[in-house]
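For reference, the structure discussed in these notes is given below.
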Amino acid sequence: LRRVAEKRGLGVLRDATPEEYVDIVEQQADSGNCVAAVLVDQGFLSQQFVSCVDAEAANFGQTVFLRVSADECGFCDADVIPIMLVYRNGQLKHNLVRVVDQFADPRNFEQQDVGRLLKKLLLK
């Protein structure tokens, strides 16, 4: 079952351009699946967060995870990155600017912290 989901792009983190990201949100609108887009840069917090998302993605087989360059989306202010956008049925449900601020210690979080946040956002 997991392999079928992965073939459809579910439960795995993949790279996307801003144009692909928009297309994927539209394609998934009627599927009931979530799309979680993580806008990142090359900074430490972005890389740490996206690494944790990558490790947790397999636990969410009804979600398409996308890693998108924040710069390519027009976000150049490092103070707002990483950003997590969660869509369900094509509608934006969560817009978490500087998503790491959701953690008790935004500079020292672990995979399980990210996993708890993803459960809260994606399993509603």
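Scanning for something farther than 17 Å from residue 24 by Cα and among the β-branched types (Val, Ile, Thr), does segment 86-94 turn up at least one residue? No.
Filtering 80, 53 for residues that are within 22 Å of residue 12 (Cβ to Cβ) and either crowded, with 16+ Cβ neighbours inside 10 Å or modelled with pLDDT under 95 (or both) leaves a single hit, 53. Within this structure, residue 50 fails the test of being within 25 Å of residue 26 (Cβ to Cβ) and not in a helix (DSSP H, G or I).
Of all residues in segment 39-50, those being within 18 Å of residue 121 (Cα to Cα) and at pLDDT 95 or above number 2. Residue 104 passes every criterion in (1) open to solvent by 50 Å² or more (accessible area, probe 1.4 Å); (2) modelled with pLDDT under 95; (3) of a type in the set (A, V, I, L, M) apart from (2). If you take the residues in segment 56-77 that are open to solvent by 10 Å² or more (accessible area, probe 1.4 Å) and in a helix (DSSP H, G or I), which one is nearest to residue 109 (Cα to Cα)? Residue satisfying both the conditions and the ranking: 56. Here the condition is being touching a residue at least 60 places away in the same chain (Cβ under 8 Å), surrounded by 14 or more Cβ atoms within 10 Å (Cβ to Cβ) and within 17 Å of residue 39 (Cα to Cα); of 114, 97, it holds for 114 alone.
The values are calculated or read from the model by the stated rules, or taken from the named source; none is laboratory data. Model, not experiment: these values are computed from the prediction. When we count neighbours, we look across all protein chains shown, and the Cβ atoms used for this are built from the backbone with ideal geometry, even at glycine. Each accessible area value is taken on the protein alone, full model and side chains, heavy atoms only, with ligands, DNA and RNA left out. Shrake-Rupley method; radii C 1.70, N 1.55, O 1.52, S 1.80 Å.
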